[in-house]
Each structure stands twice: as C-alpha cells, then as structure tokens.
Amino acid sequence: MSLYCLTILKDEKMSFKDRLWFTLRDTYISEKILRLFAVWCFRQTLIFLKDQDQRAIEAANVAERFVHGGATKEELFAASDAALLASEVPRSSAYPSCQAYATSAKSAAFSAYSEAEFGSRYAQDYAAQSAFCFSLSKPKDPKCTSNDAEISAFSAQCEKLIEMLLEENK
C-alpha cells in the first residue's frame, strides 16, 4: 500500500471527491481492492433504495466472485451490460427517485466493468449521485441539503477505502 494513498485520503484540505479521484488508480491500489471497493459503493446505495433491479445486484455479485476467482471475464462483461440496461430510466418515471435507482444500477455496472480503475471511479461517483438523487425525493430537512447527502457518501467512501487498504496490508 502506498503511503501516498493514506496521506491523500486523510488530507482535510481536499474535498472527499478529490481525494478519491487522486487515489483510485491501479498504480496505487490493487485491482482486487479497486473492484471490491466498487462493489461496496454499489451496496451502499441499497441501504436507501428498495426493490433494486436484480440485474444490478447480480452485477455486483459477479464482480465480487470475479475477484475471488469464481467468475469469468465473460460473466463479468455480461453482468455489467445487464446492469447498464437496468439503469435506463423510463421517460414516464418521477425524476429524483428513478434517477436514484438508475445511478445505483450504473454503480453496479461499473463495479463489474472490465477495467477496475475506471470501474471503481465511476462506481463510487454513481453511488454518491444515487444518494444525492434519493435525498431529492425525500421531504426536506431545513438543516440538510441534497449536497450534504452526496458529501456524506464521499466521506464514507474515503473511510471505507482507508479501511480496505489497511486490511489488505496487515
């Protein structure tokens, strides 16, 4: 593990999103951690989204199995494609809540994307967007903005990535 990653992930002068952008690279983090992190990001969207499309859940499951040698690249690609189909939002759908599901499914699709670095970046970003969209669909708390939900998601992602990096190097 690179000291660089931990230094960046803990740098309070940078936004959480920028910390992730700088560190989610296969030159610093193993493909295994990048892919498992992407899966974790998607699974966080399930906390507030009920009845997620099974194709999205299966994409994350296949990505996780792939890391552990239990799925082929062909299965990975097929699962990613299926999750992308699940992310298509019907035109008649109510905007914020349907967008939350769509961005969640895109997060799953990218967790199963062929390139772990690219996939992890998009999975974490779509997961945060899903939190943002979900917050738009709920009654407003005057003390909280939708941006707070997205920032909170990025913060949790930084903490999880730190935890995963430390665990990998025990």
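The values are calculated or read from the model by the stated rules, or taken from the named source; none is laboratory data. Since we're looking at a predicted model, the values are computed, not measured. Heads up, the Cβs are rebuilt from the backbone with ideal geometry, glycines too, and the neighbour counts pull from every protein chain shown. These accessible areas exclude ligands, DNA and RNA; they are computed on the full protein's heavy atoms, side chains included. Shrake-Rupley method; radii C 1.70, N 1.55, O 1.52, S 1.80 Å.
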Note to self: So residue 45 passes all but one of these: (1) touching a helix residue (DSSP H, G or I) at 6+ places or on another chain (Cβ under 9 Å); (2) modelled with pLDDT of 85 or more. Which condition number does it fail?
What the structure shows: (2)
Next item on the list: Collect the residues in region 64-100 that are part of a loop (DSSP other than H, G, I, E, B), modelled with pLDDT under 80 and open to solvent by 70 Å² or more (accessible area, probe 1.4 Å), keeping them in residue-number order.
Entry: 88, 90, 91, 92
Note to self: Can you go through 118, 110 and tell me which one is within 24 Å of residue 78 (Cα to Cα), at pLDDT 70 or above and open to solvent by 50 Å² or more (accessible area, probe 1.4 Å)?
What the structure shows: 118
Next item on the list: Considering each of 35, 55, 43, 19 in turn, give the residue that is under 15 Å from residue 110 (Cβ atoms), touching a residue at least 60 places away in the same chain (Cβ under 8 Å), buried (at least 16 other Cβ atoms within 10 Å of the Cβ) and charged (D, E, K, R).
Entry: 35
Checklist line | Hey, residue 60 farther than 15 Å from residue 128 by Cβ, at pLDDT 75 or above, open to solvent by less than 20 Å² (accessible area, probe 1.4 Å) and not in a helix (DSSP H, G or I) or not | finding: no
Checklist line | Residue match in region 15-38 (condition: modelled with pLDDT of 85 or more and farther than 25 Å from residue 169 by Cα) | finding: yes
Item checked: From 20, 46, 34, 9, residue being in contact with a Gly (Cβ under 8 Å, 6 or more places away or on another chain) and under 25 Å from residue 150 (Cβ atoms) -> 34
